[in-house]
Amino acid sequence: MKKVEAIIKPFKLDEVKDALSEVGIQGMTVTEVKGFGRTGGKKEVYRGSAYVVDFVPKVKLEIVVPDQMVHQVIDAIEKSAKTGRIGDGKIFVMPVDEAVRIRTGERAEEAI
């Protein structure tokens, strides 16, 4: 099993969720996060004063999938989250050693 984490622009969430549903993903965890990448932030002017916005609002998706679905999930996220502009986000893939569904005690892939 693998855990796929994606950091995307908030307005792309519905599009990404629909794309993941099409490939068979039935559940995910979504968290509102803030961060910055290579650009480091941007300067804005508010009431005549310039200030730097260091952290940009983003959405983090966490999805645990069987190994054979990883590439489908990555492709679905990449295609649906892409705007072609800076700050589209990142996708990370990590191994998952164990998963347990608390209600039933199911383990491994049956738990996801």
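Nothing in this text is a laboratory measurement; each read-out follows from the coordinates by a stated rule. The structure displayed is predicted, hence computed values, not measured ones. So basically every Cβ, Gly included, is an ideal-geometry build from the backbone, and we count neighbours across all protein chains shown.
Couple of notes before you dig in:
- Fully extending the segment from VAL30 to GLU62 would add 10.9 nm, taking 0.36 nm per residue of separation and subtracting the current Cα-Cα distance.
- When the convex hull of its Cα atoms is viewed from all sides, segment 2-111 shows a mean projected area of 8.6 nm².
- The order of the peptides 93-104, 3-14 by mean Cβ neighbours within 10 Å, most packed first, is 3-14, 93-104.
- Each of SER49, ALA76, MET28 was scored by the projection of its Cα onto the charge dipole of the chain, and the greatest displacement toward the positive side belongs to SER49; charges sit on the C-beta of Lys, Arg, Asp and Glu.
- Alpha carbon centroid spacing (whole Å) that separates segment 67-109 from segment 1-29: 7 Å
- The calculated FRET efficiency for the pair VAL100 and GLN72, based on their C-beta separation and a Förster distance of 25 Å, comes to about 0.55.
- Label-point separation in nm, ALA108 to ASP14, each point 7 Å along Cα→Cβ: 4.0 nm
- Virtual spin-label span in nm between PHE55 and ILE86, 7 Å along Cα→Cβ: 2.1 nm
- Highest mean first, the peptides 54-63, 17-26, 69-78 sorted by other C-beta atoms within 10 Å per residue fall in the order 69-78, 54-63, 17-26.
- Angle in degrees between helix 70-81 and the longest Cα principal axis of the chain, rounded to the nearest 10: 30 degrees
- Between helix 13-22 and the chain: long-axis angle, C-alpha atoms, 0 to 90°, nearest 10: 20 degrees
- Dipole moment magnitude, nearest 20 debye, the chain about Cα centre, only Lys, Arg, Asp, Glu C-beta charged: 720 debye
- Secondary-structure-derived ellipticity at 222 nm for the chain, considering helices only, amounts to -6000 deg cm²/dmol, per-run term -39500 (n - 2.57) for DSSP H runs with n ≥ 4.
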